[in-house]
Amino acid sequence: MNALRISPLYTSLDWQALDSSNPKDWSKAVDVIRDRLDGRFLRFASDCLKDKYSGFVVLAIDCLLAETIQQFMDGVTNGHGQSQKMVKKFLKGPRFQPDFDAEARKAFYLDIRCGLLHQAEAKRMWLIRRKQPTLLQKVADGQGYIVDVERFHAGLQGSLNDYLKLLSEPTSSLLRSNLWKKMNHICSVRTARGALYESEDNTPSTQ
């Protein structure tokens, strides 16, 4: 049976070979999640951040990952209609507090997350900058915000590391159960696709 990749280093069969009740398999399970989220997304955002004009694309990737990480934490397999809930819940995390209060979380979702992903722009009175004294500042007239893309990206990296660390702890039973639910869903889709499409590794090079 052909298997499709779920990350740069792992396929759906690699995940399905793991046993959630086997403590020894959890180290590899955490590696799979790290490879999926960092190997396909986060490391590219980190590379882009080196360019001084990359703020928009880095925040776009970070918004995608914020929603994705929260879905993993909550075991969400169908995120349709839940984007705002996921992003706002993620921003309640300790890496983004106390900067992102309820008003800022809602504004960020509407004006940055939706603005960047749907219209490739920061909406209303938001500015994306670097080297700011804080992660988030409300502008003087109270009508907008300045978000520091470097601080935001660091917060997202830290949040992912915190999540992976918790997954490594046997006491994190709910997080582990939610992860297994999410990954089993992802792998079932990959397996179905694998029955139709040839594995990428077997595709002739076009170089």
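Read-outs throughout are calculated quantities, based only on the coordinates presented, and are distinct from any laboratory measurement. Keep in mind that what you see is a predicted model, and the values were worked out from it rather than measured. Every residue, glycine among them, receives a Cβ derived from its backbone with ideal geometry; neighbour counts consider all protein chains shown.
Key figures
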{"quantity": "Selection from ILE186, ILE69, PHE44 lying farthest towards where the dipole of the chain points positive, charges on Cβ", "calculated": "ILE69"}
{"quantity": "Helix 25-37 vs. the chain, principal-axis angle (Cα, 0 to 90°, nearest 10)", "calculated": "50"}
{"quantity": "Cα-Cα separations in the range 1-155 greater than 20 Å, expressed as whole percent", "calculated": "55"}
{"quantity": "Summed residue charge, Cβ within 14 Å of GLY79's Cβ, Lys/Arg positive, Asp/Glu negative", "calculated": "+4"}
{"quantity": "Degrees separating the helix 149-167 axis from the principal Cα axis of the chain, which is the longest one", "calculated": "40"}
{"quantity": "Inter-site label distance for ALA120 and LYS138 at 7 Å from Cα along Cβ, in nm", "calculated": "3.3"}
{"quantity": "Dipole moment magnitude, nearest 20 debye, the range 1-148 about Cα centre, only Lys, Arg, Asp, Glu C-beta charged", "calculated": "280"}
{"quantity": "Stretch gain in nm, segment ASP51-ASP101, where the contour uses 0.36 nm per residue and the Cα spacing is subtracted", "calculated": "15.0 nm"}
{"quantity": "Quotient of Cα Rg and 2.2 N^0.38 Å for the range 37-81, N being how many residues it contains", "calculated": "1.30"}
